[in-house]
1. Look at the stretch 211-226 and say how many of its residues are without any contact (Cβ under 8 Å) to a residue 40 or more places away in the chain, among the hydroxyl-bearing types (Ser, Thr, Tyr) and closer than 13 Å to Leu62 by Cβ.
2. So which of Leu426, Leu430 ends up being crowded, with 17+ Cβ neighbours inside 10 Å, under 25 Å from Ile596 (Cβ atoms) and in contact with a helix residue (DSSP H, G or I) (Cβ under 7 Å, 6 or more places away or on another chain)?
3. With the condition being modelled with pLDDT under 90, I'd like the helices (runs of 4 or more DSSP H) fully within the stretch 1-94 carrying at least 2 qualifying residues.
4. Name the residue that is nearest to Glu537 (Cα to Cα), counting only residues in the stretch 576-598 that are open to solvent by 50 Å² or more (accessible area, probe 1.4 Å) and under 36 Å from the mean Cα position of the chain (by Cα).
5. Can you tell me which of Arg362, Arg358, Arg368 is out of contact with any Phe, Trp or Tyr (no Cβ under 6 Å at 6 or more places or on another chain), open to solvent by 60 Å² or more (accessible area, probe 1.4 Å), of a type in the set (Lys, Arg) and modelled with pLDDT of 90 or more?
6. If you take the residues of the stretch 168-191 that are open to solvent by less than 20 Å² (accessible area, probe 1.4 Å) and among the small types (Gly, Ala, Ser), which of them is nearest to Ala202 (Cα to Cα)?
7. How many residues does the stretch 500-543 hold that are closer than 30 Å to Gln289 by Cα, among the hydroxyl-bearing types (Ser, Thr, Tyr) and open to solvent by 10 Å² or more (accessible area, probe 1.4 Å)?
Amino acid sequence: QSIAESLKDYLQNKKILLLLDNFEQVIASASFVAELLMACRTIKVIVTSREGLHISGEREYLIPPLELPDLAQPQSLDAISQYSAVQLFLQRARAVKPDMRITEDIVRSIAELCRRLDGLPLAIELAAARIRLLPPQAMLERMGHRLEFLIGGARDLPNRQQTLRQTIAWSYDLLDEEEKRVFKHLSIFVGGFTIDAMEAVAGNPAVDTPLLGYLGSLVDKSLIQEMDGANNEPRFVMLETLREFGREQLDAAGEMDETWRRHASFYLALVEKREKSLENEEQVQWMNQIEQEHDNLLAALEWSMAAPPDPIRAQDDRSDLGLRLANALAFFWEARGYYSQGRERLAAVLSMVAAQGRTSARANLLARSAELAYRQSDFKATTSFASESLMIYRELMDQQGMASALIKLGNAAEELGNYTAASKYLNEALMIWRKLEDRQGTARALISYGWVALRSGDYPLAKSRLEEALTISRDLGDSRNIGFELAGLGEVALRQQDYRKASQLVEESLELRRRLGNKWGVGVCLGILGWIAMREEHWDRALALLGSSLEVRQEIGDLSGSAWCFERLAAVAEAQGKMEKAARLFGYGAALRANIRSVIDPSDQPAYDSRIRTLQAKLGKKKFGILWAEGQKLTLEQAFDYAFIKM
């Protein structure tokens, strides 16, 4: 009788819980487990394995990584210490170093360390074992090469658990050759990938088996995890520790550069897919998709700029990929409020292409840089970038480019109070786009031209220009421009004291901008709604809306918009009889405007001057001057906190 038959006979009538540990080593024996269960009806089996057995009656329980705190949310030291990943680190660290000091900074560093280690228990234990030599802050600095750092497990553990690399290699060595190849190539992705991305980057025409089968196998073996993606598309992700191991294998095989090239080419095609004809819902879907792939796009951009172009691949040059990626991404950065990040990367790309001279690509990058600088109220940089861009476009006789640069020069001049120059620039842009029969460009020019009239106090002209732009944008289905136009018309209605109509228009704009993820536009709309509440003397609502607007504007670095909010918060304080607070907030707003050379709208200046005179009369000019000076010394954070103190 065989051993298998003897085992079945022995277990036939016994009530036994059979534990089979690390079953992935003998996964081919899964069918025997099924036979055993059929023959021995009273036994139950628990299997630990890196992949499922796929037999009848199997119930899978996936063991997730340990729970991690969200450090983006404010939490106390005690609250952070309660998360299982942090608890495990602290327990193991105290076993090695009983006198370890526990401070808030140390616990936050430990939490970040656990996050960078994906909440994996073995990785956390190996890191905690190093506490005798390195504090958590120093460990974080070494996380770029975590597999080299995480060594030295307990001597009584199996060899595969002595280092994190050995543990991962244990699973990797159990894969067949094609599974290994796919795993290596998938490690190139940052922040996850879709099936389309996987097929473009890891495809192998020499193998008949579809990639989807290998992906399923890697998911089964817990080397890849499935998650929800944008637009109801399945998405897959690899833990950071596994990615580092996979990239080591990719580099060792000499396949790193070619894989990066495939990766960058795929994401370039994705980001360049946006067309002017995209309709409302398509714009939202495209934005959401790019948001989801932002980490991959940034990684592709960094790779394209990291080394000189490959002379063998002149037609597929790295720098060309980088230029096109940066140009395409700049629209997304502006639309979604990634201003600081976008400006930093565009500056690096501009430096990279400096030797190429006055090209169309450089002019386009300069125009993109001008737009991002404008959104952060850096009007000096806006003017500098846009002026050089316009000069190059004029030399190249590129009418579209000229109009785009003129818009940016007009916007900057408007913010600096030079309305004559702003009108000149914007009128020229409008004439170019009308001549080219570019309706979207025409709408853009009318929007900016409408705001010049609005700020100057010519409300009928502002309304006429914005309504013409809105008609064009609705016809084109251009959600983004519609958001600008509705907000502008809402402010016109506000200034004409039609508060009901103003609220309706701005609420519609706010909903649209939230769907698009346009943070700058959301901040503008919340501010206008707060202003409407002020006019209606709903002070609590005004404070809440202005506070929300200010939070958004602080996040994206919109200093001009922040100054605008502080001036209205000061007006609310004055209306509520808090004269000293009002004087300080007005002082801070004036200092903020002076730093960026922004001016108060001429249509708002009389009301502003009236409030200042009232404060001076009630406080006395000397005391007012002292309070004003105190406000000017505040930092942005201090001014924000002070504005919402209940006093």
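1. 0
2. Every option except Leu426 fails the conditions.
3. The helices (runs of 4 or more DSSP H) meeting that bar are 77-81.
4. Among them, the one singled out is Arg584.
5. After ruling out the rest, the residue left standing is Arg368.
6. Checked the stretch 168-191; the qualifying residue nearest to Ala202 (Cα to Cα) is Ser187.
7. Here the count works out to 0.
Listed here are the residues, each with its yes/no results for (1) farther than 28 Å from Arg593 by Cα; (2) in a loop (DSSP other than H, G, I, E, B).
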site	(1), (2)
Ala405	no, no
Glu414	no, no
Gly417	no, yes
Ala421	no, no
Thr471	yes, no
Leu486	no, no
Lys501	yes, no
Ser509	no, no
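The values are calculated or read from the model by the stated rules, or taken from the named source; none is laboratory data. Quick caveat, the model's predicted, so the values are computed rather than measured. No Cβ is skipped: glycine too gets one built from the backbone with ideal geometry, and neighbour counts run over all protein chains shown. The protein model used for the area step is the full one, side chains on, heavy atoms only, and it has no ligands, DNA or RNA in it. Shrake-Rupley method; radii C 1.70, N 1.55, O 1.52, S 1.80 Å.
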